[in-house]
1. Enumerate the amide H contacts of B:Lys295 below 5 Å, restricted to partners 5 or more residues apart or on another chain; note that Pro and chain-start residues carry no placed amide H.
2. Restricting the calculation to Cα positions, tell me the Rg (one decimal) and the Dmax (whole number) of the stretch A:40-197 in Å.
3. Any chance you could check the Cα centroid distance between the stretch A:291-326 and the stretch A:74-132 for me, in angstrom?
4. Once you put a point 7 Å from the Cα of A:Glu409 and another 7 Å from the Cα of B:Asp337, both along the Cβ direction, what distance in nm separates them?
5. Rounded to the nearest 500, what is the 222 nm mean residue ellipticity of chain B from helices alone, with -39500 (n - 2.57) per DSSP H run of 4+ residues and division by all residues?
6. Compute the label zone of A:Arg2 within the stretch A:84-111: residues whose backbone N is under 20 Å from the point 7 Å along Cα-to-Cβ.
7. Describe numerically, in nm with one decimal, the distance between label points set 7 Å from Cα along Cα→Cβ at A:Trp178 and at A:Lys78.
8. Step through the residues of the stretch B:109-117 one at a time and calculate ³J(HN,Hα) from phi using the Karplus curve (6.51 cos²θ - 1.76 cosθ + 1.60, θ = phi - 60°), rounding each to whole Hz and writing x for Gly and Pro.
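Read-outs: derived from the displayed coordinates by stated rules, not from any lab. On a predicted model such as this, the values are computed, not experimentally measured, just so you know. Every residue, glycine among them, receives a Cβ derived from its backbone with ideal geometry; neighbour counts consider all protein chains shown.
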Amino acid sequence: MRELNFDAAVIGGGAAGMAAALEMESRGLSVAILEREDHLGGILTQCIHNGFGLIEFNEELAGPEFAERFEDKVRKSKITAFTGTTVLDVETDEEDKVLVCASTHGVMRLHARAVVLAMGCRERNRGNIRIPGSRPAGVYTAGLAQRLVNIEGYIPGRDVVIIGSGDIGLIMARRMSWVGCKVHAVIEIQPYPSGLTRNIVQCLNDFGIPLYLSHQTTNIYGNERVEGVEATPMENGALRTDKAFRIPCDTVLLSVGLVPENELSKKLGVELNPMTNGAWVDSTLMTNVPGVFACGNVLHVHDLVDYVVEESRRAGGFAADYLAGKHPAKEIRVKPGSNVRYVNPGRLDPSRDNKLYMRTLIVKNDAALEVKLNNKVIRTVKKNHVQPSEMLSFTLGPADLAGCEGVPESVLEISIQ
Amino acid sequence: MGYSLNYDREEEHKVRTGSDSFDVAIIGAGVSGANIARRLSSYELDVALIEKEADVSFGVSKANSGIVHGGFHHNKKYLKSRLEVRGAAMFDRLKAELDFPFERCGIVVVALHEEEMRAIEQLYEQGVDNGAIGIEMCSRDRMLELEPKLSPDTVGGLYAPAGGIVEPYRFVFSLVENATHNGVQLFTKFKVAHAQHNAEAWTVSAEDGRTIRAKYVVNAAGLFADEVSKIFGGEEFAIHGRKGEYYLLDRMTKAKTSRVVFPVPTTISKGMLVVPTVEGTVLVGPTATADEDKKDFATTREHLNEILKSGRALVPSISEGDVITSFAGIRSVLDEDFYIDISNKAPHFIQVAGIQSPGLTASPAIGEYVKDLLKHDGLKLVEKSDWDPFVRRVPRVRDLSPFELDELIKKDPAYGEIVCRCECVSEAEIVEAIRRGHTTLDGIKYFTRTQMGRCQGGFCTYKIMKILMRETGMSWDEITKHGGSSQMLKGEL
């Protein structure tokens, strides 16, 4: 069994993993990427639509193009990318972390002083949202359907109903229409869409696909292949079973949310935030396990890959700082206040700029984001519109956070009114 | 495509192919039929095992609690109770021979009120009377020591250390594999349509026109044993479906108990249980509802809510957030007892009907019992000198140490290609499943555990389809979830 040593190991070779690895390599560290697929790029490689890179590259790219730009940089760097390699287990050996990895070449134990978690997320499935009914063929997650259509070249079904209005589902509504299928409906349990507004317009409205908001999918029919679904309107939070209706179809695509894939993190002893299903991280994106960092969709599900690489680049930089023995002298705890679902990271370093990402719990026009440090308002930001599906971000620097001087347990609270 | 007989391509196997004349035909390749077939495979007999589905164990045997019972639930006046105790004792040897997941983790029955302790006492006495091994009455402290995750409302209970858990479909797969290895011929997608008895033999025809002849016929057709009996002119009876719905929880759930947890039983069922499966997930259920449509495996919102409520009464840490999937199974209910006997109406026809709980536990003893009935009815049994009781083991990546896996990958690199990340299944295991005849997605699922974990196939389904096409030469439109018209793909770009 091979034993290898690196300064840092990155689990996952998607956008997050590559961005973090490149940053660490540029700081002179020896870096390994562990990727279970036989190519880098992660889920981007099947996202052949455009809309990627507007922030990162200031131009509009398709997913594979975005991935390719990072992949090229990785190839030109000194990073060792192990593709077709699955991390089976992780353990800690004094200061080192040891990753037990399998590939067709055998099993290797890879020792690293720092680990960046960049495993991304998985799609929630039918069981997770507990849709009752029978279990016929033809129920797919939207991402699996996307893979089948875009890469494998197969059409999973002809008459489609999409459950959930997440971005992948919306993109697939358009994609299925383009390959000649009929998308009969998108059913969303919330009173507002879960995907980006631009996707509602470009993928549903432009194709005349009806979106049923405040509707729950209450049954799936068919013993062999899907024959239809039952949708039931919700009024005041309750099901109106008298108004339930059936939509015939042969295929159901699920786009009902994403869950960070933190099973390996749990094996390392990483504590998770139940609001994000990702790790609790400090101002350096380090988890509760020293030397273990998290970024991208495994930390919290992002809207845009541009945000993912921005965050991951910082995670790589912080991991390099950690290995150089640099730690923040003081940290401020961040607390989500009224109408805020979560804020990442969970701590801030008052000696430098801190980028914050957050999600709201409400849909509101003319909202105000209020930031309080030790109960004193330090900033108010006006927002034309906020909704849970659109991530909010802003930066707080030393000038904003000066009020923590002399207060040993400073708390920053962010709320939306 | 069907269950092909690639037990070992290197080895010259003892299968007699091409024959359509048999000593015994067994209808139904569920856990009863599979045990009967395997038992008969040790004699100099030509045996046919007939299954209407695309693979074996696709009926009642695929969706149940997977329990080897503790021998205390039923009075020994019932045949099912006697066969349960006998069958339960046979599992250790079967596991050693047939390599299927089985573990004697023990069973606890929880009393949540003082008055339930009276029922517990009754179960205890019944168990002692039945000869259940090691059974004991427990105080509250003893119960919480045996299973710390039980409700704080526990007042006491019963402990049956010999009770255990088994993967029912893997058990059936192994039995059938071993039976065919020893010469039994399997016919899948063979739905019996007609039967005629003349010249000392039955002629049995399938819907698709295939015909076989057999001197004796065993009716182990599960939910459809009533229809089969009618086709053969046997006794008239009606099998009723009793649906049971389940929730499956992620292996990382906090609610993973170390023993099977039963409530105090009701008059119609053993109640809803919390089962730590042999493979590390947790099963909660089943409900029990009469269902006249024997093909209706749908779950309902009301029942699923009921499962969570009942499960939490026993193990409060059961969380909705841990649910991976829900499913339903249908028990085949005839009467209070099993009906296993030589038919009084149809010649050389053995009825094996109404095999509801504890059918899985009793099934090895059912095999033995039916063998004796056939002998009683005149079938000559001569032991084979070369009967091989073993199946060839498939290494499973998730069971191996890194060193073992490293060695194995050197011999077969496909063991290093992890296709299913959730349950840690390699490409080599999927290829094994296909080569052993499991050529539907569900068949591969039951053999390997791919598509059974937390992503429910979201990441691996397309990879499995590609491996299936590569290994079998099937085209995309031949890939099904579970045979029939359960086609997975509807077009090509």
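1. For B:Lys295, whose amide H was placed from the backbone, there are no distant partners under 5 Å.
2. Rg, Dmax (Cα atoms, Å): 19.5, 58.
3. 16 Å
4. The two pseudo-label positions are separated by 7.1 nm.
5. Numbers: 13 runs with 143 residues, N = 493.
Rounded to the nearest 500, the figure is -9000 deg cm²/dmol.
6. Residues A:84-91, A:97-111 qualify, since their backbone N sits under 20 Å from the label point.
7. 4.2 nm
8. Result, rounded to whole Hz: 10, 9, 9, 9, 9, 4, 5, 5, 5.
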